[in-house]
Each structure stands twice: as structure tokens, then as C-alpha cells.
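*Asks:* Below you'll find the structure I mean.
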Amino acid sequence: MFAFAAAIALPLVSAPTAAQAPAAIDVESLDPISGSWIYRPIVGGSEADFLDSSATVRFKMRCNRSVRSVSIIRTAVPAAAPTLSIWTSTISRTVPARFLSTRELVADLAATDPLLDAIAFSRGRFGTAAAGAPMLVLPVWAALTRVIEDCRS
């Protein structure tokens with residue numbers, strides 16, 4: 001019970017243990033961190049970056065138009081993790097991920113993956129976590145939908 005209360009009080013909490021399935025966390029009861037989304041076109045697609053209140057990029061979503069995929073990117077991850085867990089108001093799923101030397105954990109999804117729709121239409125927030133990285137609860141803004149739609153059109 002204490003861990004759940006701490007999760008409500010803090011937007012960043014410890015990642016769930018292996019015994020907890022992604023569905024075990026009610027992301028709707030957690031407060032997203034403060035900050036804003038910035039959408040921008042990039043070579044080969046587009047990107048939405050989430051900047052926290054100190055202007056640090058905490059998360060990215062990138063359209064890779066040539067292969068019709070969307071990359072979900074956690075920044076400042078301290079160590080490699082094989083998966084990234086994602087919670088929305090309707091779907092929770094753990095997806096394979098790769099760790100980059102830039103300390104980013106990247107999960108690539110087909111542009112048609114229903115998890116992307118669940119993120120875009122989640123009730124105001126969605127969350128991500130990985131082994132060794134705290135949960136990050138982010139607000140849902142139109143910039144995310146733009147990136148997803150860029151890869152579908």
C-alpha cells in the first residue's frame with residue numbers, strides 16, 4: 001500500500017518489479033510531470049520531444065516514415081534494458097527495446113500498432129518504465145498524434 005501511495009505522490013517512482021504486470025499500475029491515478037511537448041519535422045519524418053520544467057528532454061516519439069514505424073524513446077536511462085513497459089488508460093504492454101550509447105532506450109512499433117492509438121487517446125496521461133529506470137508519467141498532447149499520423153499518411 002505504501003508503494004502505491006508513493007506512486008500517487010511522486011510522478012517518478014521505481015519501475016515495477018518483474019512480478020508486476022504492466023496492467024498492475026493504474027496510470028490514471030498518477031500525476032504527469034510538468035513540462036511541454038515540442039513537435040518538429042525531421043529528415044525522414046517527425047518528432048515530438050517532451051521537455052520537463054527545466055527544459056531537459058525526458059522522452060521522444062519519432063516517426064520513421066520510410067519504414068512506417070514509430071520509435072518510443074526514453075532518454076537518460078542509466079543502463080541497458082531489454083524491454084520498455086508502457087501504460088495507457090486502455091492498454092498496458094511491455095515491448096522489446098534497444099539501448100543506445102546516448103543512454104536512450106528505444107522501442108520501435110509499426111505505425112499501425114494499436115498501442116500508439118492507446119497513447120494518443122489515453123485519458124490525459126500515459127506512463128513508461130524499464131528495468132533500472134523510474135516510471136515516467138507524461139501528459140498526452142496533440143504533438144504525439146501528429147507524429148503517429150505523419151507515419152500513417
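*Asks:* May I ask you to work out the translational diffusion coefficient for the stretch 70-143 at 10 °C, viscosity 1.306 mPa s, via Stokes-Einstein with Rh from the Kirkwood sum over Cα pairs, reported in whole µm²/s?
*Replies:* Result for D is 128 µm²/s.
*Asks:* How big is the stretch 93-132 along each principal axis, measuring the range of its Cα positions in Å and listing the largest first?
*Replies:* Dimensions of the stretch 93-132 along the principal axes of its Cα atoms: 32, 21, 16 Å.
*Asks:* Taking a spot 7 Å from the Cα of I42 along the direction of its beta carbon, which residues of the stretch 59-94 have an amide N less than 13 Å from it?
*Replies:* Within reach of a label on I42, which here means backbone N under 13 Å from a point 7 Å along Cα→Cβ, the stretch 59-94 contributes 59-66, 69-75.
*Asks:* With every atom except the alpha carbons ignored, what do you get for Rg and Dmax of the stretch 15-153, in angstroms?
*Replies:* 13.7, 41
*Asks:* Compute the distance in nm between two label points, each set 7 Å from the Cα along the Cα-to-Cβ direction, one at F99 and one at V67.
*Replies:* Here the answer is 2.0 nm between the modelled labels.
*Asks:* Highest mean first, what order results for 29-36, 123-130 on Cβ atoms within 10 Å?
*Replies:* Going from most to least packed, we get 123-130, 29-36.
*Asks:* If you look at just the Cα atoms of the stretch 26-96, how large are its Rg and its Dmax in Å?
*Replies:* When restricted to Cα atoms, the stretch 26-96 yields Rg and Dmax of 13.5, 37 Å.
*Asks:* Using a 7 Å offset from Cα along Cα-Cβ at T90, what residues in the stretch 108-139 end up with backbone N under 13 Å from the label point?
*Replies:* 113-124
Readers should treat all values here as calculations from the given coordinates under stated rules, not as data from a laboratory. If you're wondering where the values come from, they're calculated on a predicted model, not measured in any experiment. Neighbour counts run over all protein chains shown; Cβ positions are idealised from the backbone, glycine included.
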